[in-house]
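**Q** Below is one structure. I have some questions about it.
The values are calculated or read from the model by the stated rules, or taken from the named source; none is laboratory data. None of these values were measured; they are calculated from a predicted model. In this analysis, Cβ positions are derived from the backbone assuming ideal geometry, glycine residues included, and neighbour counts consider all displayed protein chains. These accessible areas exclude ligands, DNA and RNA; they are computed on the full protein's heavy atoms, side chains included. Shrake-Rupley method; radii C 1.70, N 1.55, O 1.52, S 1.80 Å.
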Amino acid sequence: PFRTIVIAGLIALGFRSFLFEPFNIPSGSMMPTLLVGDYLFVSKYSYGYSRYSFPLGLIKFDGRIADSQPERGDIAVFRQPNKTSITFIKRIVGLPGDRIQVTDGVLRIDDVPVSRSKKGIATASDGYNVIKFVVYEETLTNGRSYVIQERSDNDMLDNTSVYEVPPGHYFMMGDNRDNSRDSRAASVGMVPAENLIGRADRLFFSHNGSASLWQIWKWPFAIRYGRLGDGIM
């Protein structure tokens, strides 16, 4: 009865705090890798634990416990540095000590341009217009490859100054490069290690938004079956 409910609640809380936390994708900033309507598990133990690992920040302490360093190319969930009530998901492209810059849409790490190769053209609709994107495969210096998309190479954040990543911080970018508020923007900036929640691990559900909660008969047709269970690169 009541005791069973309490024990079940504590087990669920422990699972969410120490192992995996569910997270859903609310925006298109990580397209084409992650889509609006994707639901994924965030691995909490991958980077160790900070105050933000626990629900509502109930356990307050500085730094990280059982700290493990992220790898370049990881997709990480984190709290926005200057407004920790907001949770973001982006890709880690810059590690402590790196010099990061974007010139003509090309990411540069320590003054060396990151390799990218064109894979094709993608389209999306904003409800009024069809927008075309160029899809590239980007390969980082450690060999990690993934796809990004660019509307053009001359958008607002396609040419930046040089950012020097300070100790204990990370530089984040969205894969949808011209539609991502990330470390290139002053409102986000460099992300302290303490703000990391965990690494995006695996999709467990995905829907295309075509069925409302009450439209039960449409649910089977709204699920993106091909994405269920996919690992996240």
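**Q** Please state which of the following conditions Ser206 fails to meet, knowing it meets all the rest: (1) of a type in the set (S, T, N, Q); (2) loosely packed, with under 13 Cβ neighbours inside 10 Å; (3) outside any loop (DSSP other than H, G, I, E, B).
**A** Of everything listed in (1) of a type in the set (S, T, N, Q); (2) loosely packed, with under 13 Cβ neighbours inside 10 Å; (3) outside any loop (DSSP other than H, G, I, E, B), Ser206 misses just condition (2).
**Q** If the Cβ limit is 6 Å and pairs must be 6+ apart or interchain, which residue in the stretch 87-109 that is part of a strand (DSSP E or B) pairs with which residue that is among the small types (Gly, Ala, Ser)?
**A** What qualifies is Lys90/Gly174; Ile92/Ala76; Ile100/Gly94.
**Q** Then there is this: Quick check on this structure: which one of Asp155, Asp178 is open to solvent by less than 50 Å² (accessible area, probe 1.4 Å) and either outside any loop (DSSP other than H, G, I, E, B) or farther than 28 Å from Pro70 by Cα (or both)?
**A** Asp155
**Q** Is it the case, given these coordinates, that Phe54 is among the aromatic types (Phe, Trp, Tyr), touching a helix residue (DSSP H, G or I) at 6+ places or on another chain (Cβ under 6 Å) and touching a residue at least 24 places away in the same chain (Cβ under 8 Å)?
**A** yes
**Q** Which residue is least open to solvent (accessible area, probe 1.4 Å), if the candidates are limited to the stretch 104-152 and must be over 22 Å from the mean Cα position of the chain (by Cα) and among the β-branched types (Val, Ile, Thr)?
**A** Ile131
**Q** In the stretch 131-156, which residues are of a type in the set (A, V, I, L, M) and more than 16 Å from Arg116 (Cβ to Cβ)?
**A** Matches in the stretch 131-156: Ile131, Met156.
**Q** Based on this model, can you work out whether Met172 counts as touching a His at 6+ places or on another chain (Cβ under 7 Å) and either surrounded by 13 or more Cβ atoms within 10 Å (Cβ to Cβ) or over 21 Å from Ala122 (Cβ atoms) (or both)?
**A** In short, no.
**Q** Please state which of the following conditions Gly37 fails to meet, knowing it meets all the rest: (1) in contact (Cβ under 8 Å) with a residue 60 or more places away in the chain; (2) at positive phi; (3) open to solvent by 50 Å² or more (accessible area, probe 1.4 Å).
**A** (3)
**Q** All but one of (1) free of Cβ contacts under 8 Å to residues at least 24 places away in the same chain; (2) under 23 Å from Gln80 (Cβ atoms) hold for Ser212; which doesn't?
**A** Result: Ser212 passes all but (2).
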